[in-house]
Each structure stands twice: as C-alpha cells, then as structure tokens.
Amino acid sequence: MRVFRHRHEHLPELVRLVRPPRQWLLPVLLVLGVLVGLVAMTLHISRATSYLTEDPSACVNCHIMAPQYASWEKGSHGRVATCNDCHVPQDLMRKYAYKAYDGTRHAFMFTFRMEPQVIRMHSTGERVVQENCVRCHGEMMETSLAVAGSAHTQERRCWDCHRGVPHGRVNSLASAPHARVPAPDPLRMPEWLQQRLESSSASRENEGGGAHK
C-alpha cells in the first residue's frame, strides 16, 4: 500500500511534466489526432489485423506468397495444418512477438520491393519450423531416428531429406503465375467519406451543366 500511495502521489507531477504548455495544447492534440488517424488508416489499408487470425488467406494479402499458398493448399499439409501451425511458435507470448517481428520485416521488404525472386526462410524461421516439425511428428521421428542412427543426429533439418514438403521444390515468384489463391476483399470506404465524394461529384456535374447552359 505504501508503494502504491508513493507512486500515486507522484502522478500529478508526472502529468504536469508531460503536458504541453497551454498555448501548445491545441496544436499538439491536432498533430496527435492526425498521427492516430494515419496509423489507423494504414492498419486498415494493409489489413494488418488479419495477421492476428489463424486464417491462411491472410498470408496472400501480398501477392508474393501465391506459390507457397497454392502448394500448401494442394499438398498433404493443407488438410491438417495452417501456416501458423508450422511457421509460428505455439506458446502465446512467443507467438505474437514473432508475428510482430516477422510481419514488420515482411511489410518493410514488400513495401520497398526488396523481396527475392526465390523466397527462403531465414535462420529464425528455420528454427521455428523445425520446432513445429518435432512437435507434430515427434513420435514418428523417435522411430525413424532409432532406425537411421547417427545420420539424422548431426544438426540436420527435417527438410534436408523431405525437400518437397509441403511447398514442392520450385518456389520462385514466377513458378506459379496463375495460381488460384483467395482474392482479398475490396477495401470498404467509410460511409461518410463515400457520401461526401458522391455529393462533391454531383455538385461538380451540376456546376458543369449550368456553365454549358
């Protein structure tokens, strides 16, 4: 209680230090409002909230993942696993921390056109996928390792042998140009903005018609 009371006593002082001078209060609020609006619009346009779900179609919001989506959907894993089952850690804290890290990296690379022609996992992604391979196929692997012996125990990844699982062997952006993948839903313009644009367009048409008369 003493610690809480001590912190509570310093709260007004903290507010006073953070709060801008009275003459700057309105400009600061306006700037913050603009920034919040830009962030909200960016999240809406990029469909960022879809990455919080387990829906694999979120991974094809950007077109570069079309070959991977198509090969997963038609392969054996398409019936039993989603993208997150393999490519994301499964404990809650690591899952969303990894989504934030990897999603930001992907968004940056796609925005600045830095994506490679052939997409390969980076070292962190390899560790996550290997971890999930063992999580799902652990019992089967125990039997395989017992039969195969030391050949499988020298820091090898599952896909060193199982190269075609689950995305096949050809993963370049040009490998499946006509792959059928879910088309993202069209962005819905806010109703108030749609009405304003329509009224503005109607006003211009009326003004143009009056000028011709």
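Read-outs throughout are calculated quantities, based only on the coordinates presented, and are distinct from any laboratory measurement. Small disclaimer: the values here were computed from a predicted structure and weren't measured. Every residue, glycine as well, gets a Cβ built from its backbone with ideal geometry; the counts of neighbours run over all protein chains shown.
Based on the Cβ-Cβ distance from residue 118 to residue 203, what FRET efficiency comes out when R0 is 45 Å, to the nearest 0.05?
In this case the efficiency is close to 0.30.
What does the charge count around residue 162 come to, taking other residues whose C-beta lies under 13 Å from its C-beta (Lys +1, Arg +1, Asp -1, Glu -1)?
Charge balance in the 13 Å sphere: +3.
Can you compute the charge dipole magnitude of region 56-179 about its Cα centre, using +1 on each Lys and Arg Cβ and -1 on each Asp and Glu Cβ, nothing else charged? Give it in debye, rounded to the nearest 20.
Computed about the Cα centre, the dipole is about 280 debye.
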